[in-house]
1. Where a ≥ b ≥ c are the square roots of the eigenvalues of the C-alpha gyration tensor, would you call segment 70-222 rounded, which needs a/c under 1.5, or, failing that, prolate if a/b is larger than b/c, or oblate?
2. Rounded to the nearest 0.05, what FRET efficiency do residue 177 and residue 222 have when you use their Cβ-Cβ distance and R0 = 35 Å?
3. Counting only C-alpha contacts under 8 Å and six or more residues apart, can you give the relative contact order of segment 5-221 as a whole percent?
4. Set the Förster radius R0 to 22 Å, insert the Cβ-Cβ distance between residue 50 and residue 93 as r into 1/(1 + (r/R0)^6), and round the FRET efficiency to 0.05.
5. Using helices alone, what [θ] at 222 nm do you get for the chain, with -39,500 (n - 2.57) per DSSP H run of 4 or more residues, divided over all residues and rounded to the nearest 500?
6. Could you please rank 189, 99, placing first whichever residue has the fewest other Cβ atoms within 10 Å of its Cβ?
7. Using Cβ contacts closer than 10 Å as the measure, can you line up 38, 110 from fewest to most?
8. Using the 10 angstrom Cβ neighbour count as an exposure proxy, how do 209, 9, 146, 82 rank, fewest first?
Ligand code: C5P
C-alpha cells in the first residue's frame with residue numbers, strides 16, 4: 001500500500017507548522033510535526049537533568065520512554081509516559097535543547113521508525129527538516145519553505161506577543177540564526193532542500209499564498 005506523502009521542510013519560523021496544519025485539514029490527511037518528537041526527547045532530558053553530552057544516559061533514557069499521540073478532530077495531545085506534556089513543548093528552552101540533541105545520532109536513529117509510522121491512509125503531511133531527504137525520500141511532493149531570518153524573527157515575535165509574552169526581537173533573531181547554523185551544518189541529516197524539492201521563499205508571501213501554491217502543485221501531479 002503506497003500512502004501519498006507531502007513533505008514540508010525548512011528552517012524554524014518559515015511557516016511550516018501553520019501551512020502543514022492547513023494542508024492536513026484541507027486534504028483530510030494525517031499530520032506529522034516531527035519537531036515535536038525532538039522536543040519531547042528534549043523535555044525528557046531536561047526533566048531528568050541529563051547532561052546533553054552524556055551519550056550513555058541519553059541512550060538509556062530514549063530506550064525507556066514511551067511517546068504516544070492522542071489525535072482528535074480538534075487537537076493533538078502528546079503523552080510522555082502517559083503524562084500530557086503538550087503545553088510545555090513550545091517553550092524556547094525546549095526548542096533550543098531540541099536543536100542541540102537533534103545532532104545526536106542515537107536520538108535521530110530512535111525517531112526514524114516513529115516518524116515513518118505516521119504514513120497512514122489517506123495520506124500524510126510531514127513537517128520538519130529532513131522529511132524529504134531522509135525520512136520520506138519517495139514522497140509524492142517535496143516542499144522546502146524558506147524566508148529571510150529577519151522576516152522569520154518578525155513572525156515569531158508577533159506569535160509570542162499575541163500570546164501575551166514580553167519578547168525582544170533582537171534576541172529572537174539571534175536565536176533563529178543560531179539554530180539555523182546548527183540545523184544546516186550538522187553532519188547527520190542537515191537542513192538542506194531535497195534534490196527534487198520545490199523551494200518556496202515565503203518572505204513576501206502570505207500563508208494562503210503558500211498553501212494555494214502547494215495545492216496547485218499537488219493537483220498537477222494527479
Ligand atoms: O520545528 P521545531 O522548532 O519544533 O524543531 C525543533 C528542533 O528539532 C529544530 O531546531 C531541529 O534542530 C530539530 N528537528 C530536526 N529534524 C526534524 C524536525 C526538527 O532536527 N525533522
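Quick note: the coordinates plus some simple rules give every number you see, no bench work behind them. On a predicted model such as this, the values are computed, not experimentally measured, just so you know. Note that each Cβ is placed from the backbone with ideal geometry, even for glycine, and that neighbours are counted across all protein chains shown.
1. Rounded, because the longest to shortest axis ratio a/c is under 1.5.
2. Using R0 = 35 Å, I get an efficiency of 0.35.
3. 34
4. With R0 = 22 Å, the Cβ-Cβ based efficiency is 0.90.
5. So the calculated ellipticity at 222 nm is -15000 deg cm²/dmol.
6. 189, 99
7. Ascending number of Cβ neighbours within 10 Å: 110, 38.
8. 82, 209, 146, 9
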